[in-house]
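The values are calculated or read from the model by the stated rules, or taken from the named source; none is laboratory data. Treat the numbers as computed from the prediction; the structure is a model and nothing was measured. Counting neighbours? That spans all protein chains shown, and the Cβs are built from the backbone with ideal geometry, glycine included.
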Amino acid sequence: MKMYLNHCGIVCALGDNHHDIKQHLLHEASTGVLPTDAWSPGRVLPLGEVSSPLPDVSHLPISMHSRNNQLALAALAQIRTAVDNVVARFGADRVGIVIGTSTSGIANTETALREYSEQGHLPASFHYAQQEMSSPAEMLAFELGISGPAYVHSSACSSSAKAMASAARLIKMGLCDAVLTGGVDTLCAFTVAGFSALESVSAERCNPLSANRNGINIGEGAAFFLMTAEPVDRGANIMLCGWGESSDGHHISAPDPAGGGARLAIAQALQRAGIAASDIDYINLHGTATLQNDAMEARVIHDLFGDTVPVSSTKPFTGHTLGAAAAIEAALCWLAMQDDNAQGCLPPHLWDGIADAQLPVLCLATSSKPLGRPLRWALSNSFAFGGSNATLILGRAV
């Protein structure tokens, strides 16, 4: 069963509206990954920070006050009218919410604990529930007056891909007529320090597939889709056509070098979409620019798709948005599949051009080589800690 992704709201380091994000991404007008020490005092790192103003949350209970929920509201605002319309059409109990996140409101806890350390008390603005993983779904249900299923997936970098797969299952099972789904994650000192402790953070813009790659850039953002089994608007033509999920359990943080779980997730997604590997027009790589992930993914992609399908990692543009990454990267594919991209411009692969001789050659997308036709099929990979793998396939109706 194909699921229509009727509307998309996205805010990330590239911008807070469709036009700016597409301009920056497809034409390499800018990257959102910029140096800052805001989350790593004394150490400047390139991070994908959202710089646009965020919505006020004072109308919400204190337990729902967080920058993470502000980012969620910013993405929701772009599609709020459409969501309100389906709630009115189907009923509040027939609309669900499934979101992926990994940080939730941890940044608020960091601020509160800093005040506790300095002043001996927690600020009145702090509530423990701000950091609960369920917070984004609970906040959105409260904001929208939705009483259908509302929950969060938190499986590191695959979180929002799994959320979108779960949303599709809710509709397929007949439990919902529409689902607001996607992901949101926020920069905080906790994740920057954690990945730094793993020696996985690059001091320069990340360099996926390069011989010089040395780690990730962390980012933040949110992307939401309004998913239904049938289009709710006449112009809706982008669908989630396939998804695959697997767990290889190879290591707590390192991928299976043979890519067994990745292959299984991709195979499941192709099977659900009812298409062959040769039908795929573009692959959005997980592409973290870490030594082990890029090596595994490059081999799997080459084995399954050869060296003719254009591929790229968009993380040098947005940073690695962790629990929101899969949804944001699906949203970038969604934007590239719109009617106004008739020549099929693809998200280009940003790197230093120095190939790793240990990796197979892939067809890296560039802004100077569009497809020459609309993008019909896009595949996006997300491979998380603990061997949680997910693949999404988006299709454009013709």
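Annotation note: Cβ proximity below 6 Å between a residue of the range 138-158 that is within 19 Å of PHE90 (Cβ to Cβ) and a residue that is at pLDDT 95 or above and acidic (Asp, Glu) (sequence gap 6+ or interchain) occurs for SER147/ASP93; GLY148/ASP93. Among the residues of the range 122-132, just one is under 12 Å from THR101 (Cβ atoms) and buried (at least 21 other Cβ atoms within 10 Å of the Cβ), namely GLN131. Part of a loop (DSSP other than H, G, I, E, B), in contact (Cβ under 8 Å) with a residue 24 or more places away in the chain and of a type outside the set (S, T, N, Q): does that describe MET133? Taking the combined requirement at face value, the residue satisfies it. Note on the range 184-208: residues that are surrounded by fewer than 24 Cβ atoms within 10 Å (Cβ to Cβ), at pLDDT 95 or above and aliphatic (A, V, I, L, M) total 4. Among the conditions (1) assigned to a loop (DSSP other than H, G, I, E, B); (2) touching a strand residue (DSSP E or B) at 6+ places or on another chain (Cβ under 6 Å); (3) small (Gly, Ala, Ser), SER160 misses just one, which is (1). Cβ separations smaller than 7 Å between residues 6+ apart or across chains give the following pairs from the range 204-233 residues that are within 23 Å of VAL95 (Cα to Cα) and assigned to a loop (DSSP other than H, G, I, E, B) to residues that are modelled with pLDDT under 95 and not aromatic (Phe, Trp, Tyr): ALA229/MET1.
Look at (1) in contact with a Lys or Arg (Cβ under 9 Å, 6 or more places away or on another chain); (2) under 30 Å from GLU110 (Cα atoms) and you find that LEU45 fails only one, number (1).
Condition check for GLY32 on (1) under 20 Å from SER134 (Cβ atoms); (2) touching a Ser or Thr at 6+ places or on another chain (Cβ under 8 Å): one failure, at (1).
One line per residue, one yes/no per condition, for (1) of a type in the set (S, T, N, Q); (2) more than 16 Å from HIS320 (Cα to Cα):
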residue	(1), (2)
LEU14	no, no
ASP20	no, yes
HIS27	no, yes
VAL33	no, no
ARG43	no, yes
PRO46	no, no
HIS59	no, yes
ILE62	no, yes
ASN68	yes, no
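One line per residue, one yes/no per condition, for (1) within 21 Å of GLY219 (Cβ to Cβ); (2) in a strand (DSSP E or B); (3) in contact with a Ser or Thr (Cβ under 7 Å, 6 or more places away or on another chain); (4) at pLDDT below 95:
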position	(1), (2), (3), (4)
SER102	yes, no, yes, no
SER147	no, no, no, no
ALA167	no, no, yes, no
LEU170	no, no, no, no
GLY182	yes, yes, yes, no
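So that you can scan it fast, the table gives a plain yes or no per residue for (1) buried (at least 23 other Cβ atoms within 10 Å of the Cβ); (2) in contact with a His (Cβ under 8 Å, 6 or more places away or on another chain); (3) on the phi < 0 side of the Ramachandran plot; (4) not basic (Lys, Arg):
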site: ALA289; (1), (2), (3), (4): yes, no, no, yes
site: LYS315; (1), (2), (3), (4): yes, no, yes, no
site: ASP339; (1), (2), (3), (4): no, no, yes, yes
site: ALA342; (1), (2), (3), (4): no, no, yes, yes
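State all residues of the range 107-145 that are under 26 Å from GLU220 (Cα atoms) and acidic (Asp, Glu); if no residue qualifies, say none. GLU110, GLU115, GLU132, GLU138, GLU143 - these are the residues of the range 107-145 that are under 26 Å from GLU220 (Cα atoms) and acidic (Asp, Glu). For the range 284-398, the helices (runs of 4 or more DSSP H) that sit wholly inside it and include 3 or more residues that are without any contact (Cβ under 8 Å) to a residue 60 or more places away in the chain are 291-305.
Look through the range 61-81, keep the residues that are surrounded by fewer than 18 Cβ atoms within 10 Å (Cβ to Cβ) and hydrophobic (A, V, I, L, M, F, W, C), and return whichever of them is farthest from the chain's Cα centre (by Cα). By that ranking, first place goes to ILE62. Of the residues screened, ASN217 is one that is under 25 Å from ASP185 (Cβ atoms) and either surrounded by 24 or more Cβ atoms within 10 Å (Cβ to Cβ) or more than 19 Å from the chain's Cα centre (by Cα) (or both). Of all residues being assigned to a loop (DSSP other than H, G, I, E, B) and charged (D, E, K, R) in the range 248-283, which is farthest from ARG169 (Cα to Cα)? Just the residue, please. So the residue we want is ASP256.
Only residues that are hydroxyl-bearing (Ser, Thr, Tyr) and farther than 30 Å from ARG169 by Cα: list them for the range 1-46, please. Correct list: SER30, THR31, THR36, SER40.
Restricting attention to the range 366-398, the residues that are within 21 Å of ASN214 (Cα to Cα) and surrounded by 23 or more Cβ atoms within 10 Å (Cβ to Cβ) add up to 4. Taking the listed residues LEU285, LEU226, the one that is in contact with a helix residue (DSSP H, G or I) (Cβ under 7 Å, 6 or more places away or on another chain), closer than 30 Å to ALA189 by Cβ and either buried (at least 22 other Cβ atoms within 10 Å of the Cβ) or among the acidic types (Asp, Glu) (or both) is LEU285, with no other qualifying.
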